[in-house]
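Novice: Can you read through this structure? Questions will come right after.
The values are calculated or read from the model by the stated rules, or taken from the named source; none is laboratory data. Model, not experiment: these values are computed from the prediction. Here the Cβ is made from the backbone with ideal geometry for all residues, glycine too, and neighbour counts use every protein chain on show. Accessible surface is based on the protein model in full, side chains and every heavy atom, while ligands, DNA and RNA are left aside. Shrake-Rupley method; radii C 1.70, N 1.55, O 1.52, S 1.80 Å.
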Amino acid sequence: MTSRLLSWLCLAFLTVVLAAILLPAIYAMAFAPRVAPTHLFYSAVKQDFVYREHRGNHDFTYATASGEHFDRKAFEMSLPFIYYKNMELWGLLPIEIDGQSFDMQAIRDARQVFELKAREVADRHPSVPVHALLDSDPGKAGLSFPEDVFRMKPDRMEFLDVDENRVDPALTDRFTEALAAERFAFPARLVAGKQTILKPFDEGVFLVDAEGAVFHVKRVGDDPVIVRTPIPTDLGIRSIKVQENRQRIYLGLVLTVDNRLFLLQSDGYGLVELPSSGYDADRMDYKLLLNPVHPTAVFGDGGTVTAVALNEDLLPIAAYSRAVPGTTGMIHARISKLLFPVTLSLGTGNSGYLGWTVSGPAPLAFLGNLLAVGVVLLFGRRRRIAPQQMIPQLALAAIAGLYGVLAIALLPGPGPATGATGG
Amino acid sequence: MRAIAFKEWLKLRSWLGFMLAAHLVFAAWLYLSIRHQFRFEHAEMIYYQANHIGRIFYDDLRYIPLLTGALIGAAQFLPELLRGRLRLSLHLPMGLAPLVLAHLGIGLEALLVFLALDLAALAITIGSFFPAAFIGSALLTAAPWILAGIAAYFGVALTLLEPRRRYQAANLALSAGVVWLCHRSGQYQAYDLVLGGVAGLVLLLAPASLQAAHRFRNGEP
Amino acid sequence: MTLQPAIEVDGLVHHYGAHRIHDGLSFSVAPGRILGLLGKNGVGKTTLIKILMGFLTPDAGRCRVLGAPSHALPAETKRQIGLVFEGHLAYDFMSIEEIERFTAQWYPKWRRDVFYDLVDRLQLPGTHRIRNMSEGQRSQVVLGLVMAQDPDLLILDDYTMGLDAGYRRLFLDYLVQCAREGNKTVFVTSHVVQDMERLVDDVILIRRGARVLQSSLPGFLSSFRRYELPPGAARGALPPPDGALHRVEMEADGRLEVFAFKDQPEVEAALREAGIDPTGITPQQMSLEDAFVGYTGKY
């Protein structure tokens, strides 16, 4: 009797979980319009924030924060540092802003973009802790992967010969000793580098040691070049994104555990703090657009987007946030809330790992669940089953609404079907 | 219990032999295919592809556990169900629950042996060509595939033991859903944070087999 | 010596959906008796056998086998019951030796000699697989298994199916001999009613919508009679069945067949009452099969 209930509960739970994943997904696939994310920038031309907003079905809005609406071309013209190629085509370059003239080449030379997506944060995606240390002075055009890789062991930086898949003791000793000479405290907490040869030059890797000190490790030939940086050990570094830009002014971005973000300068490893009020590295993508004038930081998730305009010293001069319209409020979304008490998903979202996300319940779901209980009662009545004999089913419908009704309809019930006596 | 094991062994031995051969052939294939890659490409490029591009060199393994689980389930329960032969087992002087659990336990054990074999082949192959850190990564990547194999086994058992068509269909759909949950990502180690939850869902398929057998025995509509 | 009936069915009710198969079926079988369940297709023979074997839980009523509820038999009771399924089901992936080894483990009273006594007659090697046997050979193995189990009660569901006359006779003779020697209770159904005459002590006849008839075989054969009337005896409609006469049927050539649990004078009186002239009435010999058809009707 109890085993019957247990079996039913197990399968009913499974049905509800699968239905909560699949039904809303299928519903959305059938009815939800595609909605593009909001683009928000600071326009040096308008001296105001401008945005492009999408409400589905080719319904785009281009406007400034202060309410001026315009068309797409005007929108692009207000952002000459982003749409400079179009500007050139339209014959609008060079353009004069703040008394300075910018042609295509000047824009190109000055522009740098640094980006840290949520899924790029060191602990938000899987990676195998085996790294390549490129020769940063290869003496030829183009970079190439070395025929060894390294991994950080509890007491050493160990190099492996990739052809043999064996430890290279000489290289291991050389680098481990060089680190020791710079007072590196094993084990390493973080290894960060841009593991590609598709970049203009190589800046090696940054290692954070057990005490929080940051080391810049490069390789010239088979020799280590190691710098113990002056970055404070108590900064609480969570992630470093190395980005070798042709301008060689900045080495990349440094994220701390308390969601502060810094630009790492090439010169002396200085840190420039970027605006991060309202920024959450676990949910949001961060983009820093280093324009010739008015660099802008933009960050946001599916719900809001924030832009902060900066001066040439990268200090904030203005900020603006906007809610992303998305699909909430559309008819299909309201029906969805009534039908589906909760929506479950097993997806990667903005992480490299799959995760469970539960959304809801919306207030409307209460109504949907009540309806589900009614359906179950009606069903019981037609089969002449007293409500007190359907307590598990009614509870399921009350909790899981439509999903519960589905489970009740699909599965053999939790109670016995017959009333024979043994004797 | 030993008698049941004897019976299952007699029933499954030719299948198990066939599957063992198939798994060994697969293990050899896996090893040779990766060795082939290393002979034709630079190892450092392969590491780069594996780690940073996310290419899964052992992707051929993905559906092997699923097939194995389904096959063992079918080989074990189809002969019992054809012409209602399960009645023979149900009349053995033994309780229904221990009987069903013994069958499931034996089938699961056989399945786990094959899955362990697959994982061992994977670990040995990866360990032969890649640094050790890749072994753990490969095993974690294969973990949801393994779970899919177990889900397939439970699902086939549950579906075959159920006497009624419409519930058979529901059981099959639920099992397929769980298997689908185990193959939601083609990225390596994507399941690291949800393995426990997915394993829990897989295990939820198990107790219902008992119920299905109950319903079979009671001849329930 | 009888403490409790081997089988006891009391007020059994079972439906399939809205279709009522059994409605208050009651009977009991005393230990040591060999009983044949007879009935036409569709009257619930299979349902009853399924319930007795424990593969169907009745909707209502009691059904006890060796004192235990049939749908929840404890292991100890199962050990005392031997089942032979329709089509002689067996683990056909096993060989003769393997199935003996397997089955022996379950039954403390296992009689290996009984099994091989029966199976050796097939002159097959011990490694011969059951799936490669003919239906007749398999029936022999199944009978050997159930006899070696040495149960107190045997339930056989249509053991004749698929057997030719030779194997049927072999099966039957062995079954009767073993049952008598071991004082076993046997509950059996068969399509071949004539076999029952050699086998059973008692019969249970079930008809749709009627009470079950349980009787000893000689009792049934001596009390249930058949009479024949020449063509032209009946001018009007035939009387309905289950009146004073059990059944009156017109043959193809116009003769009347009268079945009744009555002596000739009583039958003649009843015929007259029904407007049928009993002149020329003659009592007829009947086999069990004739009696079965007469009792249950052709249609």
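Novice: Averaged over peptide B:82-95, how many Cβ atoms belonging to another chain are found within 10 Å of each residue's Cβ?
Specialist: So the per-residue partner count for this stretch is 6.
Novice: Positive end of the charge dipole of the protein assembly as shown (Lys, Arg +1 and Asp, Glu -1 on Cβ, about the Cα centre): tell me which of C:Gly243, A:Pro292, B:His36 has its Cα farthest that way.
Specialist: In the protein assembly as shown, that residue is C:Gly243.
Novice: Remind me, relative contact order of chain B in percent, using alpha carbon pairs under 8 angstrom and six or more residues apart?
Specialist: Rounded, it is 26 percent for chain B.
Novice: Can you give the accessible area of B:Leu24 in Å² (nearest 10), computed on protein heavy atoms with a 1.4 Å probe?
Specialist: The accessible area comes out at roughly 90 Å².
Novice: Separate question: Counting only protein heavy atoms and rolling a 1.4 Å probe, how much accessible area do C and A lose on contact, total for both sides, in Å² to 100?
Specialist: 500
Novice: Per residue, how much accessible surface does region A:83-168 expose to a 1.4 Å probe? Answer in Å², no decimals.
Specialist: Heavy-atom SASA per residue in region A:83-168 reads 52 Å².
Novice: Same structure, new question: To the nearest 0.05, how large is the calculated FRET efficiency for A:Glu211 and A:Asp137 if R₀ is 41 Å and r is the Cβ-Cβ distance?
Specialist: It comes to 0.90.
Novice: Something else about it: May I ask you to derive the FRET efficiency for A:Thr357 and B:Leu112 from their Cβ-Cβ distance with R0 = 22 Å, giving the value to the nearest 0.05?
Specialist: Calculated value: 0.10.
Novice: Now a separate question. Under the Karplus relation 6.51 cos²θ - 1.76 cosθ + 1.60, θ = phi - 60°, what is the ordered set of whole-Hz ³J(HN,Hα) values for region A:367-372, x standing for Gly and Pro?
Specialist: In residue order, the calculated couplings are 5, x, 5, 4, 4, 5 Hz.
Novice: Between the DSSP loop rule and a limit of at most 15 other Cβ atoms within 10 Å, which chymotrypsin sites (Phe, Trp or Tyr not before Pro) in region A:47-111 are left?
Specialist: A:Trp90
Novice: Enumerate by residue number the trypsin sites (Lys or Arg not before Pro) in region C:215-299 meeting two conditions: DSSP loop (anything except H, G, I, E, B), and at most 10 other Cβ atoms within 10 Å of the site's Cβ.
Specialist: For trypsin sites (Lys or Arg not before Pro) across region C:215-299 that sit outside H, G, I, E and B with at most 10 neighbouring Cβ atoms in 10 Å, the list reads C:Arg235, C:Lys298.
Novice: Hey, another quick one. Write down the Kirkwood hydrodynamic radius of region A:115-276, to one decimal in angstroms, obtained as one divided by the mean of 1/r over all alpha carbon pairs.
Specialist: 16.2
Novice: Check which residues have an amide H placed less than 5 Å from C:Phe261's amide H, if you skip close sequence neighbours.
Specialist: Amide H neighbours of C:Phe261, under 5 Å, 5+ apart: C:Arg225, C:His246.
Novice: Shifting gears a bit: Once both axes come from the Cα atoms, what is the angle between helix C:165-182 and the longest principal axis of chain C, in degrees from 0 to 90, rounded to 10?
Specialist: Taking Cα atoms only, the helix is inclined about 80 degrees.
Novice: For region A:121-134, take each phi angle, set θ = phi - 60°, evaluate the Karplus expression 6.51 cos²θ - 1.76 cosθ + 1.60, and give the result in whole Hz per residue in order, putting x for glycine and proline.
Specialist: 4, 3, 8, 10, 8, x, 7, 8, x, 10, 10, 9, 10, 6
Novice: Here's something else I'd like to know. Name the aspartates and glutamates eligible as straight-distance cross-link partners of A:Lys140: C-alpha to C-alpha under 20 Å, and not fewer than 8 places from it in the same chain.
Specialist: In chain and number order, the partners are A:Asp148, A:Asp202, A:Glu203, A:Asp222, A:Asp223, A:Glu244, B:Glu44.
Novice: Simple spin-label model, 7 Å along Cα-to-Cβ: A:Leu22 to C:Glu97 in nm?
Specialist: Inter-label distance under the simple model: 5.0 nm.
Novice: To the nearest 500 deg cm²/dmol, what mean residue ellipticity at 222 nm is calculated for the protein assembly as shown from DSSP H runs of n ≥ 4 alone, each contributing -39,500 (n - 2.57), summed and divided by the residues?
Specialist: -13000 deg cm²/dmol
Novice: Okay, which of region C:159-180 sit inside 12 Å, backbone N to the point 7 Å along the Cα-Cβ direction of C:Arg121?
Specialist: C:166-178, by backbone N distance to the label point.
Novice: State to the nearest 20 debye the size of the charge dipole of region B:2-217 about its Cα centre, where the only charges are +1 on K and R beta carbons and -1 on D and E beta carbons.
Specialist: Dipole magnitude for region B:2-217 comes out near 1040 debye.
Novice: If I take every Cα pair under 8 Å that is 6 or more residues apart in region C:82-191, average their sequence separation and divide by the length, what percent do I get for the relative contact order?
Specialist: For region C:82-191, the relative contact order is 37 percent.
Novice: Another question about this same structure. Find the sum over both chains of the accessible area lost when B and C are paired, probe 1.4 Å, and report it in Å² to the nearest 100.
Specialist: Chains B and C together bury approximately 2600 Å².
Novice: What accessible area, summed over both chains, is buried at the B-A interface (1.4 Å probe, Å², nearest 100)?
Specialist: 3800
Novice: Something else now. Can you pick out the pairs among C:Lys50/C:Lys184; C:Lys262/C:Lys298; B:Lys7/C:Lys50; C:Lys40/C:Lys109; C:Lys50/C:Lys298 whose Cα atoms lie more than 32 Å from each other?
Specialist: Flagged as over cut-off: C:Lys40/C:Lys109.
Novice: Decide, for the protein assembly as shown, between rounded, prolate and oblate: order the square roots of the alpha carbon gyration tensor eigenvalues as a ≥ b ≥ c, take rounded if a/c falls under 1.5, and otherwise choose prolate if a/b is larger than b/c, else oblate.
Specialist: Prolate, because a/c is 1.5 or more and a/b exceeds b/c.
Novice: Test of understanding: extend the Cα→C-beta vector of A:Phe60 to 7 Å, then name every residue of region A:15-44 with backbone N under 13 Å from that spot.
Specialist: Label zone hits: A:36-40.
Novice: Regarding region C:102-145, what are the three Cα extents along the principal axes, ordered largest first, in Å?
Specialist: The principal-axis extents, from largest down, are 30, 18, 17 Å.
Novice: Let me ask something else about it. Mind checking the mean number of beta-carbon atoms from other chains within 10 Å of the Cβ atoms in B:5-11?
Specialist: 4
Novice: Between A:Lys153 and A:Arg384, what is the FRET efficiency for a Förster distance of 56 Å, r being their Cβ-Cβ separation, to the nearest 0.05?
Specialist: 0.20
Novice: Determine by what factor the alpha-carbon radius of gyration of region A:341-412 differs from 2.2 N^0.38 Å, reporting the quotient.
Specialist: Against the compact-globule rule of thumb, the ratio is 1.37.
Novice: Cα convex hull of region A:222-372: how many Å³ per residue?
Specialist: Dividing the Cα hull volume of region A:222-372 by its residue count gives 174 Å³.
Novice: Taking θ = phi - 60°, what integer Hz values does the Karplus form 6.51 cos²θ - 1.76 cosθ + 1.60 yield along region A:203-215, in sequence order, with x for Gly and Pro?
Specialist: 10, x, 10, 10, 10, 9, 8, 4, 9, x, 6, 9, 10
Novice: Across peptide B:136-143, what mean number of C-beta atoms from other chains lies inside 10 Å of a residue's C-beta?
Specialist: Average neighbour count from other chains, rounded to a whole number: 1.
Novice: Which pairs, out of A:Lys46/A:Lys194; C:Lys45/C:Lys78; A:Lys85/A:Lys194; A:Lys46/A:Lys199; A:Lys73/A:Lys117; A:Lys117/A:Lys194, put more than 25 Å between their alpha-carbon atoms?
Specialist: A:Lys46/A:Lys194; A:Lys85/A:Lys194; A:Lys46/A:Lys199; A:Lys73/A:Lys117
Novice: Moving to a separate point now. Which of rounded, prolate, oblate describes region B:2-217, given a ≥ b ≥ c as roots of the alpha-carbon gyration tensor eigenvalues and a/c under 1.5 marking rounded, otherwise prolate only if a/b is larger than b/c?
Specialist: Prolate shape, in that a/c is at least 1.5 and a/b is the bigger ratio.
Novice: Would you mind telling me the share, in percent, of accessible area of the protein assembly as shown contributed by carbon and sulfur at probe 1.4 angstrom?
Specialist: Heavy-atom surface of the protein assembly as shown belonging to carbon and sulfur, 1.4 Å probe: 56 percent.
Novice: Keeping all protein chains in place, calculate the accessible area per residue for region B:62-166 (probe 1.4 angstrom), answer in Å².
Specialist: 31
Novice: Now for a separate question. On the first, second and third principal axes, largest extent first, how far apart are the outermost C-alpha atoms of chain C in Å?
Specialist: Rounded to whole Å, the extents work out to 68, 42, 40 Å.
Novice: For region C:2-135, what does the accessible surface come to per residue with a 1.4 Å probe? Please give it in Å².
Specialist: Per-residue value: 40 Å².
Novice: Classify chain A: rounded, prolate or oblate, from the alpha-carbon gyration tensor (a ≥ b ≥ c, eigenvalue square roots; a/c under 1.5 rounded; otherwise prolate if a/b is larger than b/c)?
Specialist: oblate
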